[in-house]
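Trainee: Have a look at this one.
The values are calculated or read from the model by the stated rules, or taken from the named source; none is laboratory data. None of these values were measured; they are calculated from a predicted model. With ideal geometry, Cβ positions are generated from the backbone for all residues, glycine too; neighbour counts draw on all protein chains shown. Areas reflect the complete protein model, heavy atoms only, side chains present, ligands, DNA and RNA absent. Shrake-Rupley method; radii C 1.70, N 1.55, O 1.52, S 1.80 Å.
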Amino acid sequence: MKPTAHDRAGLARRLRAAGCVAAHEEAGELVSAACDQDELERWVRRRETGEPLAWIVGRSWFCGRRVWVDPGVYVPRAQSEELARRAARLLRRRPGRAADLCTGSGAVAHLLMAEVPGAVVVGTDADPRAVSCARRNGVAVVQGDVGGPLRSGAFDVVTAVALYVPTGAFRYLPGDVQRWEPHVALDGGADGLEVVRRVVADAARLLRPGGWLLTEVGGDQDRSLAVALRGQGFDADDVVTWRDEDGDLRGVAARMPPSPLSSVRT
Ligand SMILES: C[S@@+](CC[C@H](N)C(=O)[O-])C[C@H]1O[C@@H](n2cnc3c(N)ncnc32)[C@H](O)[C@@H]1O
């Protein structure tokens with residue numbers, strides 16, 4: 001028998017006792033996705049161990065859109081939605097080509113494709129599980145290292161929610177994230193920016209003149225990244241950062257200088 005909303009309150013109590021913060025919402029998601037009571041019970045037990053909800057029900061939500069998420073693949077975060085929306089606005093201004101490096105499930109690329117239907121969007125990821133998951137989400141994705149597999153000077157927008165947690169800060173992540181989520185999706189090395197610096201270098205190669213890079217960072221990483229951006233030829237006057245409602249840094253956007261010819265035209 002298909003579970004009903006009636007099951008929700010009891011499940012929410014169990015999930016809360018297991019440490020789930022959004023127990024009521026998660027109970028609703030489990031009830032709506034499970035085929036029958038047996039499946040629901042199996043799923044609740046898995047969730048009680050801390051396994052990510054998205055791996056259990058096989059999906060998550062990003063900017064209000066459903067995204068398939070396979071077990072072992074990084075679960076897209078609400079904190080990355082602002083980056084995706086900003087990228088969609090920039091791509092709409094010059095609908096051409098976008099590359100989403102370290103695409104994971106392909107959530108950001110998927111949003112760009114939906115919001116800017118005329119654009120060509122490709123993703124990359126080093127993890128074969130992520131590559132096959134992003135393909136399930138309709139993203140054209142190449143398995144490879146950062147922007148390595150992609151053509152130089154071919155993109156108007158490059159996005160990257162890469163790994164940027166400093167190795168030493170791992171212990172401050174929620175226990176479930178530390179236990180379950182793939183370290184290859186999170187560990188950014190000593191200062192957290194080892195892969196992000198490579199994102200910056202690859203974006204400088206991939207972008208057309210005037211194109212934009214948007215990358216997720218946290219803490220005060222924008223300061224260290226400013227050096228890398230300048231070093232790779234990004235325009236120091238066209239660097240924008242944004243923060244969440246708690247005032248925490250969430251991302252940096254930087255632009256390659258437009259070509260002299262295009263500045264004359266505009
Ligand atoms: C923090 S997750 C973000 C995934 C996705 N962008 C999102 O927002 O949901 C980082 C992703 O980078 C991938 N990755 C790690 N190292 C990489 C590398 N050297 N080249 C390409 N992808 C890499 C991981 O497999 C993981 O999917």
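Trainee: Separation between the Asp70 and Val21 pseudo-spin-labels, each 7 Å from Cα along Cα→Cβ, expressed in nm?
Mentor: Going from the Asp70 label point to the Val21 one covers 2.9 nm.
Trainee: Another question, then. If one computes P(r) from the Cα atoms of the chain, what percent of pairs lie at distances over 23 Å? Walk me through the intermediate numbers first.
Mentor: Details: 18969 of 35245 pairs.
For the chain, the fraction of Cα-Cα distances above 23 Å is 54 percent.
Trainee: Can you tell me how much longer the chain between Arg85 and Arg171 gets when fully stretched, taken as 0.36 nm per residue apart minus their C-alpha distance, in nm with one decimal? Mind showing how you got there, number by number?
Mentor: Working: separation 86, 0.36 × 86 = 30.96 nm, distance 3.04 nm.
Contour length minus Cα-Cα distance gives 27.9 nm.
Trainee: May I have the convex hull volume per residue, in Å³, for the Cα set of the range 172-266?
Mentor: Details: hull volume 11.4 nm³, N = 95.
So the per-residue Cα hull volume is 120 Å³.
Trainee: What ranking of Met113, Met1 comes out by heavy-atom accessible area, probe 1.4 Å, highest first? Please list the in-between numbers first.
Mentor: Numbers: Met113 65, Met1 170 Å².
Final ranking, largest accessible area leading: Met1, Met113.
Trainee: Can you give the calculated 222 nm mean residue ellipticity of the chain, where each DSSP H run of n ≥ 4 adds -39,500 (n - 2.57) and the sum is split over every residue, rounded to the nearest 500 deg cm²/dmol?
Mentor: Values: 11 runs with 105 residues, N = 266.
About -11500 deg cm²/dmol.
Trainee: Continuing with the same structure: Per residue, what volume in Å³ does the convex hull of the Cα atoms of the range 5-49 enclose? Could you put the intermediate results ahead of the total?
Mentor: Working: hull volume 2.5 nm³, N = 45.
Taking only Cα atoms, the range 5-49 has a hull volume of 55 Å³ per residue.
Trainee: Considering only protein heavy atoms and a probe of 1.4 Å, how much of the accessible area of the chain is carbon and sulfur, as a whole percent?
Mentor: Details: 6560 of 12490 Å².
Of the solvent-accessible surface of the chain, carbon and sulfur hold 53 percent.
Trainee: Here's another thing I want to ask about it. If you find the alpha carbon centre of the range 1-80 and of the range 82-143, how far apart are they in angstrom?
Mentor: Each part's Cα centre sits 25 Å from the other's.
Trainee: Looking at the P(r) of the range 45-111, how many percent of alpha-carbon pairs lie beyond 16 Å?
Mentor: Working: 1107 of 2211 pairs.
Percent of Cα pairs beyond 16 Å in the range 45-111: 50.
Trainee: Measuring with a 1.4 Å probe in the full set of protein chains, what accessible area per residue, in whole Å², belongs to the chain?
Mentor: Each residue of the chain exposes 47 Å² on average to a 1.4 Å probe.
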